[in-house]
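Here the structure comes first, spelled out in structure tokens, and everything after it is commentary.
The values are calculated or read from the model by the stated rules, or taken from the named source; none is laboratory data. Note that the coordinates shown come from a computational prediction; the quantities given were computed from them, not determined experimentally. Every residue, glycine as well, gets a Cβ built from its backbone with ideal geometry; the counts of neighbours run over all protein chains shown. Ligands, DNA and RNA are excluded from the accessible area calculation, which covers all protein heavy atoms including side chains. Shrake-Rupley method; radii C 1.70, N 1.55, O 1.52, S 1.80 Å.
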Amino acid sequence: MISLNIEKTFGFISKENVFAYEAQVKAAQEALEKGTGKGNDFLGWLHLPSSITKEHLADLKATAQTLRDNCEVVVVAGIGGSYLGARAVIEALSNSFTWLQDKKTAPVILYAGHNIGEDYLYELTEYLKDKKFGVINISKSGTTTETALAFRLLKKQCEDQRGKDTAKRVIVAITDAKKGAARVTADNEGYKSFIIPDNVGGRFSVLTPVGLLPIAVAGFDIEKLVAGAASMEKACGQDIPFAENPAAIYAATRNELYKNGKKIEILVNFNPKLHYVSEWWKQLYGESEGKENKGIFPAAVDFSTDLHSMGQWIQEGERSIYETVISVEKTQHSLQVPSDGANLDGLNFLAGKHVDEVNKMAELGTQLAHVDGGVPNMRIVIPALNEESIGSLLYFFEKACGISGYILGVNPFNQPGVEAYKKNMFALLNKPGYEAESKAIQARL
């Protein structure tokens, strides 16, 4: 289980004011449980961990094994919540250099459909030319431009290289149950498919097949991941007292900081494997709360790396920020600093210490310096980088996001602003049906 410490926000805000949110949190929890709040048709994530069946996990694992047995590379095609959750878990749990090794125990996982970069897609298709590859196509509609474009390229290449029959075995669709272009394609081509539940939005979908299938293909234990999330679901439940509910405390604290002028939350990690957890978190909170000219801006940094780039601004820039630090209690491996006879780098005072001890002191020293510099800090501790801990962390952030959005007074489960750029892009590309918009936008250029 994870733990949350908010002590280093006091002095900027008071404990009494944080605990004064108890009634608002209770109302938000009730709205989530009873489905009476805004966006109540997208609450399928709320009790998802505890409702996932063994049969469903077995089906996902069997499909993952088919891809593992028949592919050197699996490309996950998706954008936003359709790939970020899977990538966050896979990169948090993977050996950083396994993909460079000659002998691999799982397919290399690559990603497409999350950009429209011609060079990126060209280089990807070139890399795949001599590879036995498969595709997991993740799209509820099948018409999201970035993902649909990438899948069109990958589908053709897979069929050309491996033949239609093999392509049917190594292309999997994760899409709507009944409608949409991706569903029609899956049915027509005979792809194995999984359903994106109608009541789960993309950024909350990591514990659906959207995230679980790629994670299983990568070789990680999705049963443990779900179990970790289920434990946190219970720990953040409606019946848990406010003072003992980490999601409630986190939601209340960030809203009190926001009320006191802290408009930017910086998610900090001191472990490079958590980079994509931060990317997933940025979408979760940015897309959920950034509405009606309200919302905390979610940013992220990788320390100690970014201390040498962003550290100056965080220490002495505008005091509109606070930090939430994710700390990993125990590393997977052990590595000690050696002694050096010449000691030209002056590091012999660290000889015999574990590298993580140095890292932990960098973490503590940074936190103290930033608090002294006027930056409130929260600290989230996870026991280790394993499936249970990551599952727990993901659900913690999801539950806190739902509560926090309701406290803020917005619908945390829609994203109307995302459509604005699409409308302009389609008009500029002269997509059929956008003639009026094309004419209007040309007048502005």
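Over segment 47-223, average the accessible area per residue using a 1.4 Å probe and give it in Å², no decimals.
Values: 7980 Å² over 177 residues.
Value returned for segment 47-223: 45 Å² of accessible area per residue.
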- For all pairs of alpha-carbon atoms in segment 282-338, what percent lies in each bin of width 10 Å, listed from the first bin to the last filled one? 17, 36, 31, 12, 4, 0
- Query: Most fluctuating residue of S404, S205, S51 in a GNM of the chain with Cα springs under 10 Å: which is it?
  - Reply: S51
- Task: Report, in cubic angstrom per residue, the convex hull volume of the C-alpha atoms of segment 192-312.
- Result: 166 Å³
- Query: Considering only DSSP states other than H, G, I, E and B, which trypsin sites (Lys or Arg not before Pro) in segment 311-364 qualify as loop sites with at most 14 other Cβ atoms within 10 Å?
  - Reply: R319, K353
- Message: I need the calculated FRET efficiency for the pair V337 and F10, taking r as the beta carbon distance and R₀ as 41 Å, to the nearest 0.05.
- Response: 0.70
- Query: Ordered by residue, what ³J(HN,Hα) values in Hz, to whole numbers, does segment 72-77 give under the Karplus form 6.51 cos²θ - 1.76 cosθ + 1.60, where θ = phi - 60° and Gly and Pro are x?
  - Reply: 7, 9, 10, 9, 8, 9
- Query: Taking a label point 7 Å from the Cα of E437 along the Cα→Cβ vector, which residues of segment 401-430 have an amide N closer than 11 Å to it?
  - Reply: 419-430
- Calculate the length of the line joining the C-alpha centroid of segment 17-86 to that of segment 363-414, in whole Å. 17 Å
- Message: How much of the pair distance distribution for segment 14-110 lies past 15 Å, counting alpha-carbon pairs only, in percent?
- Response: 78 percent
- Note on the structure: If amide H atoms are modeled at 1.01 Å from N in the peptide plane, then the residues at a separation of 5 or more from T208, or on another chain, having amide H under 5 Å from its own are none
- In whole Hz, with x marking every Gly and Pro, tabulate ³J(HN,Hα) for segment 255-260 from phi via Karplus 6.51 cos²θ - 1.76 cosθ + 1.60, θ = phi - 60°. 6, 5, 4, 4, 4, 9
- For the chain, with a Gaussian network of springs between Cα atoms less than 10 Å apart, report the residue from L350, L207, L393 with the top mean-square fluctuation. L350
- Note on the structure: Under 5 Å from the placed amide H of S327, counting only residues 5+ away or on other chains, we find I380, V381, I382
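Please report the carbon-and-sulfur percent of the accessible area for segment 47-223; probe 1.4 Å, protein heavy atoms only, DNA, RNA and ligands left out. Can you show the working numbers first?
Numbers: 4100 of 7980 Å².
With neighbouring chains kept in place, the figure for segment 47-223 is 51 percent.
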- Among K155, K423, K168, which one shows the biggest mean-square fluctuation in a GNM of the chain, springs joining Cα atoms closer than 10 Å? K423
- Taking every pair of alpha-carbon atoms in segment 47-223, give the share separated by more than 29 Å as a whole percent. 12 percent
- Message: 5 Å is the cut-off here: which amide hydrogens, built 1.01 Å from N in the peptide plane, fall below it relative to L110, excluding neighbours closer than 5 in sequence?
- Response: V74, V75, V76
- Message: Suppose R0 equals 30 Å. What FRET efficiency, 1/(1 + (r/R0)^6) with r the Cβ-Cβ distance, do N115 and E72 give to the nearest 0.05?
- Response: 0.85
- Pop out the ³J(HN,Hα) list for segment 200-206 in order, Karplus 6.51 cos²θ - 1.76 cosθ + 1.60 with θ = phi - 60°, rounded to Hz; leave Gly and Pro as x. 10, x, x, 6, 9, 9, 4
- Here, K129 and V381, labelled 7 Å along Cα→Cβ, have an inter-label distance in nm of 5.3 nm
- Query: In whole Å, what is the distance between the alpha-carbon centres of segment 249-320 and segment 129-170?
  - Reply: 36 Å
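Could you pull out the pairs from K132/K178; K34/K179; K168/K423; K54/K399 whose alpha carbons sit more than 26 Å apart here?
Check vs 26 Å cut-off fails for K132/K178; K34/K179; K168/K423.
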